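Here the structure comes first, spelled out in structure tokens, and everything after it is commentary.
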Amino acid sequence: MRNLGSNIKITVDNLTVNYNDDGPDDAPIIIFIHGFPFNKTAWNKQVTALKDNYRVIAYDVRGHGNSSAGDADFSIDLFAKDLLDLMDALKIDKVVLCGLSMGGYIALNAVEKYPDRFDALILSDTNCIADPPETKEKRMKAIESIKEFGVEKYADESIKNLFAPESFLTKKEEIAAVREMIVNTNKETLYKTLRAFYERKETCSRLQDINIPVLIMVGKEDKITPPEAAQMMHEKIEDSVLKIIEHAGHLSNIENPSEFNNQIEALVSTVYY
Ligand code: MLT
């Protein structure tokens, strides 16, 4: 029997995963994977808009939101395995997978390893490269800074880069909600995920093997994973669609949800018609 609604708990391979599951039983399924260090509520504007026509599942990545962290070191491989474990536990065979930033790293890893489990892929504000040396250095400095000055300062510094300039005037509530997500993320999860990013392998060299429909979206003013990164993935994935989202920085699903959701619907309607 399917559990419907918000904050559902399921124990998968000794890990408690917390997820939302909305929408009709027999509708196409979209699974949403949030960025770092956020949680499943980052997808609220997608869930609300899409749940009449699709079964929409948004879950908290290991250690984030209300999911437990387990004892293992974090890695993108582990996060991708967690996703497949969750799909198996929910008895879901195939889905459209949508990941933003860290969610995109996980989605690319999962599609590469388990290509038969996905009907389409939506990559938003993400990248296929491994961290260059200067970014690796920033990861370690971020860990030191959180240890020394606390997570509030880390949140304030992060926020400056996450949004398009105009969002600071027009999206104050959303920015406050994102700040809450950051400060409420467990410190161990921050450290373990930053280390996982540091160790992350590139996925660019395997993009040519993806043979499902792919939609790539990026905020026009994304400073973290800029439009050039999206363009590079678009060139490598045959027949992929690239959409630059206006009025948005790194969190394009939150900054311009109507355009973001329209693009999802356009893709999904071509997959299941
Ligand atoms: C995210 O939004 O998930 C992060 O910006 C990813 C990263 O720092 O590489």
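Key figures for this structure:
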item	result
Solvent accessible area, Å² - Arg139, 1.4 Å probe, full protein context	40 Å²
Heavy-atom surface of region 203-263, accessible at 1.4 Å and reported per residue (Å²)	45 Å²
Kyte-Doolittle mean at least 0.5, axial Cα span of 15 Å or more - DSSP H helices of the chain	76-89
10 °C / 1.306 mPa s Stokes-Einstein diffusion coefficient of the chain, Kirkwood radius on C-alpha pairs, µm²/s	86 µm²/s
Three semi-axes of the equivalent ellipsoid, region 205-273, Cα gyration tensor, whole Å, largest first	20, 17, 7
Cα gyration tensor shape for region 1-52, rounded if a/c is under 1.5, else prolate or oblate	oblate
Cα Rg, Dmax (largest Cα-Cα span) when computed across region 1-106, Å	12.6, 38
Cα centroid separation, region 6-30 to region 184-253 (Å)	24 Å
Residue of Met102, Met232, Met181 that the Gaussian network model of the chain assigns the largest fluctuation, springs spanning Cα pairs under 10 Å	Met232
Size of charge dipole - the chain - debye, nearest 20, with Cβ of Lys, Arg +1 and Asp, Glu -1, no other charges	460 debye
Using distinct alpha-carbon pairs, which all enter the 1/r mean, Kirkwood radius of region 71-158 in Å	14.9 Å
Heavy-atom accessible area ranking, 1.4 Å probe, most first, across Glu148, Glu157	Glu148, Glu157
Most mobile of Ile237, Ile92, Ile224 in a GNM of the chain (Cα contacts under 10 Å)	Ile92
Enclosed volume per residue, in Å³, of the convex hull spanned by Cα atoms of region 138-242	127 Å³
Surface share of carbon and sulfur [accessible, 1.4 angstrom probe, percent] for the chain	48 percent
Across the chain: Cys residues that no other cysteine approaches within a C-beta distance under 4.7 Å	Cys98
Value at 222 nm in deg cm²/dmol, rounded to 500, when DSSP H runs of n ≥ 4 in the chain each add -39,500 (n - 2.57)	-13500 deg cm²/dmol
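The values are calculated or read from the model by the stated rules, or taken from the named source; none is laboratory data. Keep in mind it's a predicted model, so treat the numbers as computed, not measured. FYI the Cβ positions are ideal-geometry reconstructions off the backbone, even for glycines, and counts take in every protein chain you see. Surface areas here come from the heavy atoms of the whole protein model, side chains and all, with no ligands, DNA or RNA. Shrake-Rupley method; radii C 1.70, N 1.55, O 1.52, S 1.80 Å.
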